[in-house]
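Peer 1: I'd like to ask you about the structure that follows.
The values are calculated or read from the model by the stated rules, or taken from the named source; none is laboratory data. What you see is a predicted model, and the numbers here were worked out from it, not measured in a lab. Virtual Cβ from ideal backbone geometry, glycine too; neighbours counted across all protein chains shown. Calculation scope for accessible area: heavy atoms of the full protein, side chains included, ligands and nucleic acids excluded. Shrake-Rupley method; radii C 1.70, N 1.55, O 1.52, S 1.80 Å.
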Amino acid sequence: MNEKLEITVSRLIQMRMSSIGKKLAEMSEDPNFNLHKPEDLFYELVDFEYNKRMEKKMNDRLEKSHLKYKAATLDSSLKDPDRKIDVNLIYNLSECNWIRDKNNLLLTGKTGTGKSYLACALGICALYKSMSVLYTKASLMINDLCDIIRIGNYNEGLRKYSSPDLLIIDDFGSMTLDIEKCLHLFEVLDSREGNGSTVVISQLSVRDWYDIFQNNIYADSCLSRLTKKAYRIDLQGRDMRMDE
């Protein structure tokens with residue numbers, strides 16, 4: 001590495017552009033380095049730095065999402081005929097226009113049919129489009145809000161669930177909702193209506209969700225907000241966990 005190049009690398013590192021500085025140093029080790037046009041080297045460095053920063057932002061969004069399956073993908077298992085999945089619909093959903101339109105997605109099916117995995121794969125699609133995503137289990141979210149209201153700062157706690165572009169609520173129906181829990185669920189869904197999309201994952205079919213609520217008024221209000229603008233997918237087939 002010549003002196004001028006060494007100074008440039010050092011200055012890039014001092015300016016907190018260490019990744020591009022290291023890349024330039026790495027490129028300079030190529031015997032044909034001096035044969036490249038300056039503009040081509042510049043373009044390659046800019047592309048490298050851009051991709052590096054996008055990767056970091058993606059990793060940050062992924063970490064904040066708390067997705068259960070952080071490496072979930074829309075793989076070939078979608079085409080398994082036993083699962084009876086409308087593959088075109090899934091790939092349509094992967095474009096995330098439904099999230100831009102503030103629509104919901106209701107995923108139902110027996111345990112092990114891949115509901116959570118599919119939801120996480122769609123969540124990752126949203127993250128790649130720079131959307132904010134949060135995954136939670138229904139019981140954790142509702143108990144969290146119950147705890148927050150006792151110590152104050154409820155609006156800030158509610159904002160945690162109301163602000164993401166996509167909220168994924170797993171294991172819906174695993175707990176009966178008394179009047180307090182009904183209220184918290186309603187607050188979340190009401191705050192998200194027209195402002196964000198919600199995925200609800202449940203082993204129960206949608207027609208059985210009404211029985212989860214101990215208050216009929218809240219049942220009507222919550223289910224109306226969930227189902228009014230929602231895609232519905234009922235997953236079938238074998239227990240996918242048996243393949244692991």
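Peer 1: In the range 37-76, carbon and sulfur make up what percent of the accessible area (probe 1.4 Å)?
Peer 2: Within the range 37-76, the accessible surface is 56 percent carbon and sulfur.
Peer 1: Of the candidates 94, 130, 77, which one comes out as most mobile in a Gaussian network treatment of the chain with C-alpha springs shorter than 10 Å?
Peer 2: Fluctuation is largest for 77.
Peer 1: Among 25, 126, 71, which one moves the most in a GNM of the chain with springs linking Cα atoms closer than 10 Å?
Peer 2: The residue with the greatest mean-square fluctuation here is 25.
Peer 1: Under unit Cβ charges (Lys, Arg +1; Asp, Glu -1), what dipole magnitude, rounded to 20 debye, does the chain have relative to its Cα centre?
Peer 2: 340 debye
Peer 1: What is the pair-distance distribution P(r) of the range 1-141, computed from all Cα-Cα distances in 5 Å bins starting at 0, with each bin given as a whole percent?
Peer 2: 2, 8, 14, 16, 12, 9, 8, 8, 9, 7, 5, 3, 1, 0
Peer 1: Also, I was wondering about something else. Quick check: with the 1.4 Å probe, what order do 84, 57 take by accessible area, largest first?
Peer 2: These residues rank, largest area first, as 84, 57.
Peer 1: Would you kindly state how much longer the chain becomes between residue 52 and residue 89 on full extension, computed as 0.36 nm times their sequence separation minus their alpha carbon distance, in nm to one decimal?
Peer 2: Gain on stretching residue 52 to residue 89: 10.1 nm.
Peer 1: Another question about this same structure. Please compute the contact order of the range 62-163 in relative form: average sequence separation of alpha-carbon pairs under 8 Å and at least six residues apart, divided by the residue count, as a percent.
Peer 2: Relative contact order of the range 62-163: 38 percent.
Peer 1: Counting pairs of alpha carbon atoms under 8 Å apart in space and at least six apart in sequence, what relative contact order in percent does the chain give?
Peer 2: 24 percent
Peer 1: Once the dipole of the chain is set up with Lys and Arg at +1 and Asp and Glu at -1 on Cβ about the Cα centre, which of 140, 119, 41 lies farthest towards its positive end?
Peer 2: My answer, from the dipole projection, is 140.
Peer 1: Still on this structure, please answer the following. In the range 155-219, what percent of the accessible surface is made up of carbon and sulfur (1.4 Å probe, ligands and nucleic acids excluded)?
Peer 2: 43 percent
Peer 1: Can you compute the FRET efficiency between residue 228 and residue 27 using 1/(1 + (r/R0)^6), with r the Cβ-Cβ distance and R0 = 45 Å? Round to the nearest 0.05.
Peer 2: My answer for the efficiency is 0.25.
Peer 1: Can you work out the accessible area per residue across the range 1-144, with the rest of the protein chains kept in place, probe 1.4 Å, in square angstrom?
Peer 2: 61 Å²
Peer 1: Report the Rg/Rh value for the chain, based on alpha-carbon coordinates and the Kirkwood definition of Rh.
Peer 2: 1.14
Peer 1: Now for a different question. Working with all protein chains in place, sort 186, 42 by solvent-accessible area computed with a 1.4 Å probe, largest first.
Peer 2: Largest accessible area first, the residues go 42, 186.
Peer 1: Could I ask something else about it? Return the FRET efficiency for the residue pair residue 77, residue 6: r is the Cβ-Cβ distance, R0 is 35 Å, and the value is rounded to the nearest 0.05.
Peer 2: My answer for the efficiency is 0.10.
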